[in-house]
Amino acid sequence: MQAIVMTGTGSADVLELVDVPEPHPAPGPGEVLVRIAAAGVNFMDIGVRQGMAWTEMPNPKILGVEGAGCIIAVGPDVSMAVGQRVAWVYAPGSYSEKIILPEAALVPIPDGVDDGTAAAIMMQGLTASHFATDFHPVQAGEIALVHAAAGGLGLLLTQIIKKRGGSVIGRVSSADKVAIAMEAGADHVIVDTKGDFASQVLALTRGEGVHIVYDGSGPTTFQGSIDSLRRSGTLCWYGPVLGGPGPIDITRLPRSIKLGYAVFSDHIHSPELLREHAARLFDWVVRGDLKVRIGGIYPLADASRAHRDMESRATTGKLLLIP
(Lines give C-alpha, C1' and ligand atoms only; values in the text may rest on other atoms or scores of the structure.)
Protein backbone atom coordinates (compact mmCIF):
# COMPACT_ATOMS: atom_id res chain seq x y z
CA MET A 1 0.00 0.00 0.00
CA GLN A 2 1.04 3.63 -0.35
CA ALA A 3 1.66 6.16 2.40
CA ILE A 4 3.28 9.55 2.94
CA VAL A 5 6.39 9.38 5.08
CA MET A 6 8.74 12.09 6.30
CA THR A 7 12.28 11.10 5.44
CA GLY A 8 13.77 13.68 7.77
CA THR A 9 13.04 16.94 9.59
CA GLY A 10 12.55 20.08 7.53
CA SER A 11 10.48 21.64 4.78
CA ALA A 12 7.65 20.00 2.87
CA ASP A 13 10.30 18.49 0.59
CA VAL A 14 10.95 15.78 3.21
CA LEU A 15 7.51 14.28 2.49
CA GLU A 16 7.57 11.33 0.11
CA LEU A 17 4.98 8.91 -1.27
CA VAL A 18 6.30 5.37 -0.77
CA ASP A 19 5.15 1.78 -0.87
CA VAL A 20 4.94 0.33 2.65
CA PRO A 21 3.93 -3.14 3.84
CA GLU A 22 0.26 -3.83 4.45
CA PRO A 23 -0.72 -3.47 8.13
CA HIS A 24 0.38 -6.67 9.81
CA PRO A 25 -0.42 -8.69 11.77
CA ALA A 26 -4.22 -8.75 11.46
CA PRO A 27 -6.20 -6.60 13.89
CA GLY A 28 -5.70 -7.76 17.46
CA PRO A 29 -8.18 -7.73 20.35
CA GLY A 30 -10.14 -4.47 20.36
CA GLU A 31 -8.66 -3.39 17.00
CA VAL A 32 -9.98 -2.88 13.47
CA LEU A 33 -8.43 -2.46 10.03
CA VAL A 34 -9.72 0.60 8.17
CA ARG A 35 -9.45 1.54 4.51
CA ILE A 36 -8.91 5.30 4.63
CA ALA A 37 -11.21 7.43 2.45
CA ALA A 38 -9.87 10.86 3.48
CA ALA A 39 -7.18 12.17 5.82
CA GLY A 40 -7.22 15.62 7.38
CA VAL A 41 -4.23 17.96 7.12
CA ASN A 42 -3.43 19.84 10.33
CA PHE A 43 -0.85 22.28 11.63
CA MET A 44 0.08 19.51 14.03
CA ASP A 45 1.38 17.54 11.03
CA ILE A 46 3.55 20.48 10.06
CA GLY A 47 4.88 20.62 13.62
CA VAL A 48 5.81 16.94 13.46
CA ARG A 49 7.52 17.48 10.11
CA GLN A 50 9.50 20.36 11.60
CA GLY A 51 10.70 18.23 14.51
CA MET A 52 8.45 19.70 17.22
CA ALA A 53 6.78 16.38 18.09
CA TRP A 54 7.12 12.61 17.62
CA THR A 55 10.87 13.01 17.97
CA GLU A 56 11.05 9.64 19.72
CA MET A 57 9.81 7.94 16.51
CA PRO A 58 12.59 7.25 14.01
CA ASN A 59 12.35 8.37 10.39
CA PRO A 60 10.98 7.50 7.96
CA LYS A 61 7.57 7.63 9.64
CA ILE A 62 4.04 8.00 8.32
CA LEU A 63 2.45 11.39 9.02
CA GLY A 64 -1.17 12.28 9.77
CA VAL A 65 -3.50 11.78 12.72
CA GLU A 66 -7.05 12.38 11.48
CA GLY A 67 -9.31 10.74 8.96
CA ALA A 68 -12.36 8.77 7.95
CA GLY A 69 -12.88 5.45 6.23
CA CYS A 70 -14.52 2.04 6.25
CA ILE A 71 -13.77 -0.97 8.46
CA ILE A 72 -12.54 -3.90 6.34
CA ALA A 73 -11.48 -6.33 9.11
CA VAL A 74 -12.01 -6.66 12.84
CA GLY A 75 -10.15 -8.38 15.65
CA PRO A 76 -11.61 -10.18 18.68
CA ASP A 77 -13.74 -8.30 21.21
CA VAL A 78 -14.89 -5.63 18.73
CA SER A 79 -18.51 -4.46 18.59
CA MET A 80 -18.22 -2.57 15.30
CA ALA A 81 -18.73 -4.55 12.09
CA VAL A 82 -17.02 -4.78 8.72
CA GLY A 83 -18.55 -2.12 6.47
CA GLN A 84 -19.06 0.42 9.28
CA ARG A 85 -17.91 3.92 8.31
CA VAL A 86 -15.82 5.51 11.04
CA ALA A 87 -13.80 8.64 11.78
CA TRP A 88 -10.96 9.42 14.19
CA VAL A 89 -9.16 12.43 15.57
CA TYR A 90 -5.78 11.13 16.72
CA ALA A 91 -4.21 8.08 15.09
CA PRO A 92 -0.58 8.46 13.99
CA GLY A 93 -0.05 7.14 10.47
CA SER A 94 -3.24 8.46 8.84
CA TYR A 95 -1.54 9.67 5.62
CA SER A 96 -1.98 6.18 4.21
CA GLU A 97 -4.33 3.85 2.39
CA LYS A 98 -5.03 1.59 5.38
CA ILE A 99 -4.50 1.70 9.13
CA ILE A 100 -5.08 -0.51 12.17
CA LEU A 101 -6.83 1.39 14.96
CA PRO A 102 -8.23 0.62 18.41
CA GLU A 103 -12.02 0.58 18.33
CA ALA A 104 -11.99 2.97 21.30
CA ALA A 105 -10.45 5.67 19.07
CA LEU A 106 -13.26 5.53 16.51
CA VAL A 107 -16.63 7.22 16.14
CA PRO A 108 -19.37 5.96 13.81
CA ILE A 109 -20.27 8.24 10.91
CA PRO A 110 -24.04 8.73 10.44
CA ASP A 111 -25.61 8.24 7.02
CA GLY A 112 -26.18 11.97 6.54
CA VAL A 113 -22.46 12.82 6.71
CA ASP A 114 -20.04 11.99 3.88
CA ASP A 115 -16.50 10.74 4.49
CA GLY A 116 -14.84 14.02 3.53
CA THR A 117 -16.96 16.05 5.91
CA ALA A 118 -16.38 13.53 8.70
CA ALA A 119 -12.61 13.69 8.23
CA ALA A 120 -12.73 17.49 8.03
CA ILE A 121 -14.64 18.07 11.24
CA MET A 122 -12.97 15.78 13.74
CA MET A 123 -9.94 17.68 15.01
CA GLN A 124 -11.06 21.21 14.23
CA GLY A 125 -14.68 20.61 15.19
CA LEU A 126 -13.85 18.98 18.51
CA THR A 127 -11.30 21.73 19.18
CA ALA A 128 -13.79 24.49 18.40
CA SER A 129 -16.38 22.80 20.61
CA HIS A 130 -13.87 22.62 23.48
CA PHE A 131 -12.91 26.27 23.11
CA ALA A 132 -16.46 27.67 23.09
CA THR A 133 -18.33 25.28 25.38
CA ASP A 134 -15.76 24.05 27.90
CA PHE A 135 -12.62 26.19 28.12
CA HIS A 136 -14.70 29.39 27.99
CA PRO A 137 -18.44 28.67 27.77
CA VAL A 138 -19.58 31.58 25.61
CA GLN A 139 -22.62 33.35 27.04
CA ALA A 140 -25.34 35.20 25.14
CA GLY A 141 -24.25 38.77 24.52
CA GLU A 142 -20.51 38.12 24.84
CA ILE A 143 -18.10 39.31 22.16
CA ALA A 144 -15.31 37.05 20.89
CA LEU A 145 -12.25 37.83 18.79
CA VAL A 146 -11.43 34.88 16.52
CA HIS A 147 -8.04 34.84 14.80
CA ALA A 148 -7.66 33.09 11.42
CA ALA A 149 -11.43 33.37 11.11
CA ALA A 150 -11.48 32.00 7.54
CA GLY A 151 -9.50 28.88 8.43
CA GLY A 152 -11.10 25.52 9.12
CA LEU A 153 -11.07 25.97 12.89
CA GLY A 154 -12.02 29.64 12.77
CA LEU A 155 -15.07 29.00 10.60
CA LEU A 156 -16.38 26.26 12.89
CA LEU A 157 -15.60 28.25 16.03
CA THR A 158 -17.44 31.28 14.68
CA GLN A 159 -20.55 29.21 14.00
CA ILE A 160 -20.54 27.63 17.46
CA ILE A 161 -20.10 31.02 19.15
CA LYS A 162 -23.05 32.36 17.18
CA LYS A 163 -25.14 29.30 18.13
CA ARG A 164 -24.51 30.19 21.77
CA GLY A 165 -25.67 33.77 21.29
CA GLY A 166 -22.28 35.47 21.10
CA SER A 167 -20.93 38.02 18.63
CA VAL A 168 -17.74 37.52 16.62
CA ILE A 169 -15.01 39.86 15.46
CA GLY A 170 -12.97 37.85 13.00
CA ARG A 171 -9.39 38.56 12.00
CA VAL A 172 -8.16 37.39 8.57
CA SER A 173 -4.91 37.83 6.66
CA SER A 174 -6.29 39.12 3.35
CA ALA A 175 -9.30 40.93 1.96
CA ASP A 176 -10.38 37.96 -0.14
CA LYS A 177 -11.12 36.04 3.07
CA VAL A 178 -13.56 38.59 4.49
CA ALA A 179 -16.64 37.26 2.71
CA ILE A 180 -15.87 33.69 3.83
CA ALA A 181 -15.65 34.74 7.48
CA MET A 182 -18.83 36.80 7.19
CA GLU A 183 -20.67 33.88 5.60
CA ALA A 184 -19.85 31.79 8.69
CA GLY A 185 -21.50 34.45 10.86
CA ALA A 186 -18.76 36.90 11.83
CA ASP A 187 -20.30 40.27 12.75
CA HIS A 188 -17.16 42.23 11.87
CA VAL A 189 -13.96 41.20 10.09
CA ILE A 190 -10.54 42.84 10.45
CA VAL A 191 -7.88 42.38 7.76
CA ASP A 192 -4.44 42.31 9.37
CA THR A 193 -1.09 40.60 8.83
CA LYS A 194 1.20 42.47 11.24
CA GLY A 195 -0.66 42.16 14.54
CA ASP A 196 -1.99 45.74 14.45
CA PHE A 197 -5.61 44.89 15.18
CA ALA A 198 -6.22 45.84 18.82
CA SER A 199 -7.17 49.45 18.08
CA GLN A 200 -9.84 48.27 15.63
CA VAL A 201 -11.18 45.77 18.17
CA LEU A 202 -11.43 48.50 20.82
CA ALA A 203 -13.18 50.81 18.37
CA LEU A 204 -15.74 48.11 17.54
CA THR A 205 -16.40 47.50 21.26
CA ARG A 206 -16.59 51.18 22.28
CA GLY A 207 -13.27 50.95 24.06
CA GLU A 208 -14.25 48.08 26.33
CA GLY A 209 -12.61 45.16 24.53
CA VAL A 210 -13.86 41.62 24.00
CA HIS A 211 -14.78 38.97 26.55
CA ILE A 212 -12.72 36.20 24.94
CA VAL A 213 -9.91 35.96 22.35
CA TYR A 214 -9.17 32.71 20.52
CA ASP A 215 -5.60 33.04 19.27
CA GLY A 216 -3.62 30.36 17.44
CA SER A 217 -1.57 32.77 15.36
CA GLY A 218 1.65 32.62 17.35
CA PRO A 219 3.76 35.34 18.99
CA THR A 220 2.94 38.03 16.39
CA THR A 221 -0.58 38.48 17.74
CA PHE A 222 -0.07 37.70 21.44
CA GLN A 223 0.28 41.28 22.71
CA GLY A 224 -2.52 42.52 20.48
CA SER A 225 -4.80 39.82 21.84
CA ILE A 226 -4.06 40.92 25.41
CA ASP A 227 -4.68 44.55 24.45
CA SER A 228 -8.04 43.54 22.91
CA LEU A 229 -9.45 42.09 26.15
CA ARG A 230 -11.78 43.88 28.53
CA ARG A 231 -11.46 43.66 32.29
CA SER A 232 -11.43 40.03 33.44
CA GLY A 233 -11.44 38.88 29.83
CA THR A 234 -9.95 35.55 28.78
CA LEU A 235 -7.24 34.71 26.25
CA CYS A 236 -7.58 31.19 24.86
CA TRP A 237 -4.17 30.46 23.33
CA TYR A 238 -3.44 27.46 21.13
CA GLY A 239 -1.28 26.44 18.20
CA PRO A 240 2.31 25.88 19.40
CA VAL A 241 3.50 25.15 15.85
CA LEU A 242 3.84 28.89 15.21
CA GLY A 243 5.76 29.46 18.44
CA GLY A 244 4.93 30.78 21.90
CA PRO A 245 5.05 34.29 23.36
CA GLY A 246 8.11 33.61 25.53
CA PRO A 247 8.31 34.04 29.32
CA ILE A 248 5.35 35.85 30.87
CA ASP A 249 5.50 37.96 34.03
CA ILE A 250 2.12 37.22 35.56
CA THR A 251 2.29 40.35 37.72
CA ARG A 252 2.33 42.51 34.58
CA LEU A 253 -0.87 41.13 33.10
CA PRO A 254 -3.38 44.01 32.85
CA ARG A 255 -7.04 44.35 33.79
CA SER A 256 -7.27 41.06 35.74
CA ILE A 257 -7.29 39.11 32.48
CA LYS A 258 -7.02 35.33 32.39
CA LEU A 259 -4.70 33.31 30.15
CA GLY A 260 -4.93 29.63 29.26
CA TYR A 261 -3.50 27.10 26.84
CA ALA A 262 -6.41 25.04 25.51
CA VAL A 263 -5.91 21.43 24.42
CA PHE A 264 -8.89 19.57 23.02
CA SER A 265 -7.74 16.23 24.46
CA ASP A 266 -8.76 17.58 27.87
CA HIS A 267 -12.27 17.89 26.40
CA ILE A 268 -12.45 14.28 25.13
CA HIS A 269 -10.39 12.36 27.64
CA SER A 270 -12.40 9.14 27.32
CA PRO A 271 -13.90 7.11 24.43
CA GLU A 272 -17.38 7.93 25.74
CA LEU A 273 -16.75 11.68 25.60
CA LEU A 274 -15.15 11.38 22.15
CA ARG A 275 -18.26 9.71 20.76
CA GLU A 276 -20.63 12.03 22.61
CA HIS A 277 -19.02 15.21 21.33
CA ALA A 278 -18.45 13.85 17.82
CA ALA A 279 -22.11 12.77 17.63
CA ARG A 280 -23.16 16.30 18.58
CA LEU A 281 -21.02 17.74 15.79
CA PHE A 282 -22.42 15.28 13.26
CA ASP A 283 -25.96 16.09 14.42
CA TRP A 284 -25.33 19.81 13.85
CA VAL A 285 -24.05 19.01 10.35
CA VAL A 286 -27.04 16.83 9.47
CA ARG A 287 -29.46 19.52 10.71
CA GLY A 288 -27.63 22.22 8.75
CA ASP A 289 -26.62 24.10 11.90
CA LEU A 290 -22.90 23.65 11.24
CA LYS A 291 -21.37 23.98 7.78
CA VAL A 292 -17.96 22.49 7.06
CA ARG A 293 -15.92 24.27 4.42
CA ILE A 294 -13.43 22.03 2.64
CA GLY A 295 -10.89 24.42 1.15
CA GLY A 296 -8.73 21.94 -0.71
CA ILE A 297 -8.75 18.28 -1.75
CA TYR A 298 -5.42 16.76 -2.77
CA PRO A 299 -4.34 13.31 -3.93
CA LEU A 300 -2.29 11.58 -1.24
CA ALA A 301 0.78 12.00 -3.46
CA ASP A 302 0.42 15.80 -3.21
CA ALA A 303 0.78 15.99 0.59
CA SER A 304 3.83 18.24 0.27
CA ARG A 305 1.80 20.73 -1.79
CA ALA A 306 -0.99 20.67 0.80
CA HIS A 307 1.58 21.45 3.52
CA ARG A 308 3.03 24.34 1.51
CA ASP A 309 -0.42 25.76 0.83
CA MET A 310 -1.36 25.59 4.51
CA GLU A 311 1.90 27.22 5.61
CA SER A 312 1.40 30.05 3.11
CA ARG A 313 -1.82 31.06 4.92
CA ALA A 314 -3.45 31.36 1.50
CA THR A 315 -5.99 28.61 2.17
CA THR A 316 -9.43 28.71 3.73
CA GLY A 317 -11.35 25.91 5.38
CA LYS A 318 -10.09 22.35 5.80
CA LEU A 319 -7.52 20.58 3.60
CA LEU A 320 -7.94 16.87 2.86
CA LEU A 321 -5.77 14.13 1.35
CA ILE A 322 -7.47 11.37 -0.67
CA PRO A 323 -5.59 8.04 -0.91
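Within segment 16-39, being open to solvent by less than 70 Å² (accessible area, probe 1.4 Å) and out of contact with any Gly (no Cβ under 6 Å at 6 or more places or on another chain) holds for Leu17, Val18, Val20, Pro23, Gly30, Val32, Leu33.
Filter segment 130-141 for residues that are open to solvent by 20 Å² or more (accessible area, probe 1.4 Å) and of a type in the set (A, V, I, L, M, F, W, C); which is farthest from Leu156 (Cα to Cα)? Among those that are open to solvent by 20 Å² or more (accessible area, probe 1.4 Å) and of a type in the set (A, V, I, L, M, F, W, C), it is Ala140. Just to be sure, is Gly51 among the small types (Gly, Ala, Ser), open to solvent by less than 40 Å² (accessible area, probe 1.4 Å), more than 22 Å from the chain's Cα centre (by Cα) and over 21 Å from Leu320 (Cβ atoms)? Spelling it out, it is not the case that Gly51 is among the small types (Gly, Ala, Ser), open to solvent by less than 40 Å² (accessible area, probe 1.4 Å), more than 22 Å from the chain's Cα centre (by Cα) and over 21 Å from Leu320 (Cβ atoms). Pairs are defined by a Cβ separation below 6 Å, a sequence spacing of at least 6 or placement on different chains, a first member in segment 61-84 that is over 12 Å from Val107 (Cα atoms), and a second member that is outside any loop (DSSP other than H, G, I, E, B) and open to solvent by 50 Å² or more (accessible area, probe 1.4 Å); the pairs so defined are Ile72/Arg35; Gly75/Glu31.
Flag: Asp13 does not match the condition of being within 19 Å of the chain's Cα centre (by Cα) and either closer than 20 Å to Pro299 by Cα or open to solvent by less than 10 Å² (accessible area, probe 1.4 Å) (or both).
Residues that are open to solvent by 20 Å² or more (accessible area, probe 1.4 Å), in a loop (DSSP other than H, G, I, E, B) and at pLDDT below 95 within segment 191-219 comprise Thr193, Lys194, Asp196, Ser217, listed in sequence order. For segment 241-256, filtering for residues that are outside any loop (DSSP other than H, G, I, E, B) and either open to solvent by less than 90 Å² (accessible area, probe 1.4 Å) or acidic (Asp, Glu) (or both) leaves 2. Reported count of residues in segment 100-112, each being under 21 Å from the mean Cα position of the chain (by Cα) and either β-branched (Val, Ile, Thr) or open to solvent by less than 10 Å² (accessible area, probe 1.4 Å) (or both), is 4. Give the residues of segment 225-259 that are under 21 Å from Gly154 (Cα atoms), among the small types (Gly, Ala, Ser) and modelled with pLDDT under 95, sorted by residue number. Selection gives Gly239, Gly243, Gly244. Filter segment 271-323 for residues that are touching a Phe, Trp or Tyr at 6+ places or on another chain (Cβ under 6 Å) and not in a helix (DSSP H, G or I); which is farthest from Ile36 (Cα to Cα)? By that ranking, first place goes to Leu290. Note on segment 294-323: residues that are open to solvent by 60 Å² or more (accessible area, probe 1.4 Å), among the basic types (Lys, Arg) and modelled with pLDDT of 95 or more total 2. Residues in segment 164-183 that are closer than 15 Å to Val292 by Cα and surrounded by fewer than 24 Cβ atoms within 10 Å (Cβ to Cβ): 3 in all. Only residues that are open to solvent by less than 10 Å² (accessible area, probe 1.4 Å) and either under 14 Å from the mean Cα position of the chain (by Cα) or without any contact (Cβ under 8 Å) to a residue 60 or more places away in the chain (or both) were counted in segment 113-129, giving 9. When segment 275-293 is limited to residues that are in contact with a strand residue (DSSP E or B) (Cβ under 8 Å, 6 or more places away or on another chain) and within 21 Å of Ile180 (Cβ to Cβ), the one that is most open to solvent (accessible area, probe 1.4 Å) turns out to be Arg293.
With the structure loaded, tell me whether Ala91 is in contact (Cβ under 8 Å) with a residue 60 or more places away in the chain, under 27 Å from Leu15 (Cα atoms) and not basic (Lys, Arg) or whether it fails that test. Criteria not met by Ala91. Name the single residue, out of those in segment 78-96 being open to solvent by less than 10 Å² (accessible area, probe 1.4 Å) and aromatic (Phe, Trp, Tyr), that is farthest from Arg280 (Cα to Cα). In this case the residue turns out to be Tyr95.
The values are calculated or read from the model by the stated rules, or taken from the named source; none is laboratory data. Predicted model only: the values in this text are computed from it and were never measured. Here the Cβ is made from the backbone with ideal geometry for all residues, glycine too, and neighbour counts use every protein chain on show. Accessible surface is based on the protein model in full, side chains and every heavy atom, while ligands, DNA and RNA are left aside. Shrake-Rupley method; radii C 1.70, N 1.55, O 1.52, S 1.80 Å.
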